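Enquirer: Structure below; questions to follow.
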Amino acid sequence: MDLATGKLIEAAIMVVWIILILGIGVWSRSKVKGSGEFMVGGRTIPVWMLGMWSAGASVSAWAFFGLPGGIYASGAWQHWAICTPMIIGFPITILFLGRWMRVSAKKYNLMTMPDFLGEVYGGKWIRVFAAIGILIACVFYSTAQFKAIGVLFGALFNLPYVAAAALGIAISAVYILLGGFVAGAIINTLNVSMMIVASLLAVGIGYSWTGGYSNMMSTIANYVYPGGGAAPMGLMNGAAWLNQDYALTGAAAGGAWGFWISWCVLLSSFGLVGQAAIVQKLYGVKKPNSLWLWGLLGGVVFGLTCPAYCYLGEVTKYLAVLPGSTVASEIINLGLGADGVIAWLTVNKLGVESPVLGGLLIAGVLGAAWSTIDGFLMMGGAAIARDIVNKCFRPNWTDKQLLRNLRISMLIVGAVIVIETMFPADLITWLAAIGWAQFAATLAPALLLATTWKGVTKAGGTAGVFVGLVVAAVMTLVWRLPPSSTPFGLGTGGFMKTFYLDAGAWGMILGFITIVVVSLATKKERGPLYYDIHKDVPKPQ
Amino acid sequence: MLELLLANEYATLILVDFLRGIYSWGLPSTWSWGTWCVLYLEEFIFWWIFPLVSMLWWRSNVKKHPELAEEI
């Protein structure tokens, strides 16, 4: 089959998928009567649907798009360093936080993560700092999703990148603005089902192309770039591709352990507790005693889908290093850097060989992106309209006013993300990593300590959220710049070599320390939910 | 030892290879039965055992103490 016909079939599959999604969005509009239905579905959504939605929100385009590209270009280490520990983040969330979030939701009308922090620690500033952290993280993380959509839609429909990315946001904005949480739950159950199908297909296709795992890895391991000098993207020597230190910090340096501590121990596992787009969905669970299924389903769905797409990065590397292969130059010619790997695989390769499978894989990637974007639009809008303006400065809004302003704020967040998508940006996988780390640094320490340590205070929690927010944001912005424009040449790789930990991990550690130290030194003032959680602490009269 | 991690999510594919009569994992390190056992155990702890055991424990605990899952 020629490429044009293959692309037509893949595009037709995507058009049907988009019409289905938009139809559900329009239908769900009738279910939204107020802000409660819009934000948390009236707390009547079955836990299995929210487990699937949360898993989809966690996998997102970075795993289905960014990681395969990163693995193809720079080494196999990324799948275990980031993927593996994330699966235990779901049960950790239920063990430490989920029950209290859900059983206190009705009494305190909780809809967002800053809501929970505000009711436990008390005061408005913890809400404001948490909301600012959420907004910063939203922009980076969502931009990664739109980049993925822009690249895929652009390749599939022959659209310019910005127009394709704008089309992607328009689709998710329409269904989530109309149908809110209910539309998100239904659509993302479908999206995640598609992701699971696509992942299983990906493994089957990859295995048949490579002739088995052993053959794939030994072919890559024995590959030596014949050209001499620096190898083009995708043609790194096999030994270097398998060398974790080389991939992370350069040929001679050691530092893989820093990445291990940053991501495996802190950001991927315990850091998942702070991912508002994933955890906030617990407020919508119908029965609190069913939360265990969220933890189990989230972990299992994540474990099925994320490694499968990472495997496609390894498969593409194998295809690129076969004798006489032109794969590496074909991917480079797309002009998308490492982000071109999945676009090449699904559109250029499968479009010719098996367009139906290619269409399903593309639907899986886009489903992953949309399942995250809609959560970010809701969360970013809520951070502005509810957490900052309504809760801190305009408490007298009616529910109708709140609902209207939530929708307007979501449109503003969407517009900001579209504008940022137009600027040249980093790789998808790093954009998402920055967003994920910012969420973890800002929210995870305060959330984890809120339910596990009775020594927390209002000042401690507020200071901890502020420190986590500022440390992660400043380090990200300053130290990820190129070495030539940063003090002491500490940009990007230099930072990792010198300080070993990721910016978000520093934010998380310093956030924990700040909460403990400030809480020990300040007045024992707390919010009302604190005394429900720690019943043995007497409530001040 | 870190090479174990490179393959940990794909232990099932290595098992499929094994069932096809290919006794290797393709990495430069020497492959052995012990390696495969450690690899598979490590994968199961990370990917399946912890979520399964911890969430089933949570479920049984809430069944024993239903007040834990009541709205406050």
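The values are calculated or read from the model by the stated rules, or taken from the named source; none is laboratory data. Remember, it's a predicted structure, so these values are computed and weren't measured experimentally. Virtual Cβ from ideal backbone geometry, glycine too; neighbours counted across all protein chains shown.
Enquirer: Output yes when any residue across the range A:65-74 is in contact with a Phe, Trp or Tyr (Cβ under 7 Å, 6 or more places away or on another chain), aromatic (Phe, Trp, Tyr) and under 30 Å from A:Leu336 (Cβ atoms), and no when none is. Show your work before the answer.
Expert: Let us first name the residues in the range A:65-74 that are in contact with a Phe, Trp or Tyr (Cβ under 7 Å, 6 or more places away or on another chain), namely A:67-68.
Cutting the leftovers down to aromatic (Phe, Trp, Tyr) gives us none.
Taking every residue of the range A:65-74 in turn, none turns out to be in contact with a Phe, Trp or Tyr (Cβ under 7 Å, 6 or more places away or on another chain), aromatic (Phe, Trp, Tyr) and under 30 Å from A:Leu336 (Cβ atoms).
Enquirer: Additional query: Only residues in the range A:69-83 that are in contact (Cβ under 8 Å) with a residue 24 or more places away in the chain count as the first member; pair them with residues that are outside any helix (DSSP H, G or I) and among the polar types (S, T, N, Q), Cβ under 9 angstrom, at least 6 apart or cross-chain, and list the lot.
Expert: A:Gly75/A:Asn243; A:Trp77/A:Asn243
Enquirer: Also: Please go through the range A:507-541 and give me each residue that is of a type outside the set (Asp, Glu) and assigned to a loop (DSSP other than H, G, I, E, B), ordered by number.
Expert: Answer for the range A:507-541, where residues must be of a type outside the set (Asp, Glu) and assigned to a loop (DSSP other than H, G, I, E, B): A:Thr522, A:Lys523, A:Lys524, A:Arg526, A:Gly527, A:His534, A:Lys535, A:Val537, A:Pro538, A:Lys539, A:Pro540, A:Gln541.
Enquirer: It is to be established whether one or more residues within the range A:28-35 are in a helix (DSSP H, G or I), free of Cβ contacts under 8 Å to residues at least 12 places away in the same chain and either more than 11 Å from chain B (Cβ to nearest Cβ) or over 30 Å from A:Met233 (Cβ atoms) (or both).
Expert: yes
Enquirer: Applying the selection to the range A:1-27, what residues are under 24 Å from A:Ser193 (Cβ atoms) and free of Cβ contacts under 8 Å to residues at least 60 places away in the same chain?
Expert: Within the range A:1-27, A:Val15, A:Val16, A:Ile19, A:Gly23 qualify.
Enquirer: Right, another one. Can you give me the number of residues within the range A:103-153 that are at pLDDT 85 or above, of a type in the set (Ser, Thr, Tyr) and surrounded by 24 or more Cβ atoms within 10 Å (Cβ to Cβ)?
Expert: Within the range A:103-153, residues that are at pLDDT 85 or above, of a type in the set (Ser, Thr, Tyr) and surrounded by 24 or more Cβ atoms within 10 Å (Cβ to Cβ) number 2.
Enquirer: Does the range A:192-244 hold any residues that are of a type in the set (Val, Ile, Thr) and touching a residue at least 40 places away in the same chain (Cβ under 8 Å), and which are they?
Expert: A:Val192, A:Ile196, A:Val197, A:Val203, A:Ile205, A:Thr210, A:Thr219, A:Ile220
Enquirer: From the residues in the range A:254-269 that are in a helix (DSSP H, G or I) and farther than 15 Å from A:Trp436 by Cα, which one is modelled with the lowest pLDDT?
Expert: Looking at residues that are in a helix (DSSP H, G or I) and farther than 15 Å from A:Trp436 by Cα, I get A:Ala256.
Enquirer: Can you give me the ranges of the helices (runs of 4 or more DSSP H) entirely in the range A:65-153 with at least 2 residues that are in contact with a Ser or Thr (Cβ under 7 Å, 6 or more places away or on another chain) and within 9 Å of chain B (Cβ to nearest Cβ)?
Expert: Fully inside the range A:65-153 and qualifying: A:89-93.
Enquirer: Looking at (1) within 9 Å of chain A (Cβ to nearest Cβ); (2) closer than 30 Å to A:Thr219 by Cβ, which one does B:Trp57 not meet, given that it meets all the others?
Expert: (2)
Enquirer: Now for a separate question. Going by what's in this entry, would A:Phe146 be described as farther than 30 Å from A:Gly284 by Cα and either without any contact (Cβ under 8 Å) to a residue 12 or more places away in the chain or of a type outside the set (Ser, Thr, Tyr) (or both)? Can you show your working first?
Expert: Details: farther than 30 Å from A:Gly284 by Cα: no; either without any contact (Cβ under 8 Å) to a residue 12 or more places away in the chain or of a type outside the set (Ser, Thr, Tyr) (or both): yes.
Spelling it out, it is not the case that A:Phe146 is farther than 30 Å from A:Gly284 by Cα and either without any contact (Cβ under 8 Å) to a residue 12 or more places away in the chain or of a type outside the set (Ser, Thr, Tyr) (or both).
Enquirer: For A:Trp370, are the conditions met, namely being over 22 Å from A:Val416 (Cα atoms) and either in a helix (DSSP H, G or I) or in contact with a strand residue (DSSP E or B) (Cβ under 7 Å, 6 or more places away or on another chain) (or both)? If you could, list the steps in order and put the result at the bottom.
Expert: On the way: over 22 Å from A:Val416 (Cα atoms): no; either in a helix (DSSP H, G or I) or in contact with a strand residue (DSSP E or B) (Cβ under 7 Å, 6 or more places away or on another chain) (or both): yes.
Considered against the rule, which asks whether it is over 22 Å from A:Val416 (Cα atoms) and either in a helix (DSSP H, G or I) or in contact with a strand residue (DSSP E or B) (Cβ under 7 Å, 6 or more places away or on another chain) (or both), A:Trp370 comes out as no.
Enquirer: Could you tell me whether any residue of the range A:450-464 is touching a Ser or Thr at 6+ places or on another chain (Cβ under 9 Å) and of a type in the set (Lys, Arg)? Break it down into steps so the answer makes sense when it comes.
Expert: Residues of the range A:450-464 touching a Ser or Thr at 6+ places or on another chain (Cβ under 9 Å): A:453, A:455-461, A:463-464.
After this cut, where a residue has to be of a type in the set (Lys, Arg) as well, the list is A:458.
Checked against the condition, which is being touching a Ser or Thr at 6+ places or on another chain (Cβ under 9 Å) and of a type in the set (Lys, Arg), the range A:450-464 yields at least one hit.
Enquirer: When you look at B:Ser32, is it over 30 Å from A:Asn237 (Cβ atoms) and either more than 7 Å from chain A (Cβ to nearest Cβ) or within 19 Å of the chain's Cα centre (by Cα) (or both), yes or no? Write out each step before concluding.
Expert: Details: over 30 Å from A:Asn237 (Cβ atoms): no; either more than 7 Å from chain A (Cβ to nearest Cβ) or within 19 Å of the chain's Cα centre (by Cα) (or both): yes.
No; evaluated as a whole, the condition is false for this residue.
Enquirer: Also: With the structure loaded, tell me whether A:Gly303 is within 16 Å of A:Gly89 (Cβ to Cβ), within 14 Å of chain B (Cβ to nearest Cβ) and not hydrophobic (A, V, I, L, M, F, W, C) or whether it fails that test.
Expert: Spelling it out, A:Gly303 is indeed within 16 Å of A:Gly89 (Cβ to Cβ), within 14 Å of chain B (Cβ to nearest Cβ) and not hydrophobic (A, V, I, L, M, F, W, C).
Enquirer: Another question about this same structure. Conditions first: (1) within 24 Å of A:Tyr141 (Cβ to Cβ); (2) buried (at least 21 other Cβ atoms within 10 Å of the Cβ). A:Ala459 passes all but one, so which condition is the exception?
Expert: With respect to (1) within 24 Å of A:Tyr141 (Cβ to Cβ); (2) buried (at least 21 other Cβ atoms within 10 Å of the Cβ), A:Ala459 is out only on (1).
Results for (1) within 24 Å of A:Gly364 (Cβ to Cβ); (2) modelled with pLDDT of 85 or more; (3) not aliphatic (A, V, I, L, M), shown as yes or no for each residue.
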site	(1), (2), (3)
A:Ser214	no, yes, yes
A:Tyr225	no, yes, yes
A:Gly234	yes, yes, yes
A:Leu242	no, no, no
A:Leu282	no, yes, no
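Enquirer: Pick from A:Gly89, A:Gly69, A:Gly25, A:Gly41: which is under 30 Å from A:Ser354 (Cβ atoms), of a type in the set (Gly, Ala, Ser) and crowded, with 24+ Cβ neighbours inside 10 Å?
Expert: A:Gly69
Enquirer: What residue, among those in the range B:17-72 that are of a type in the set (S, T, N, Q), in contact with a helix residue (DSSP H, G or I) (Cβ under 9 Å, 6 or more places away or on another chain) and not in a helix (DSSP H, G or I), is nearest to A:Trp294 (Cα to Cα)?
Expert: Only one residue fits best here, namely B:Ser24.
Enquirer: Could you look through the range A:1-48, keep only residues that are more than 25 Å from the chain's Cα centre (by Cα) and among the acidic types (Asp, Glu), and pick out the one that is modelled with the lowest pLDDT?
Expert: This residue is A:Asp2.
Enquirer: Looking at A:Leu50, is it assigned to a helix (DSSP H, G or I), in contact with a strand residue (DSSP E or B) (Cβ under 7 Å, 6 or more places away or on another chain) and of a type in the set (A, V, I, L, M, F, W, C)?
Expert: Numbers: assigned to a helix (DSSP H, G or I): yes; in contact with a strand residue (DSSP E or B) (Cβ under 7 Å, 6 or more places away or on another chain): yes; of a type in the set (A, V, I, L, M, F, W, C): yes.
In short, yes.
Enquirer: Turning to a different aspect of this structure: Of all the residues that make up the range A:307-361, how many are within 14 Å of another protein chain (Cβ to nearest Cβ) and modelled with pLDDT of 90 or more?
Expert: So the answer is 8.
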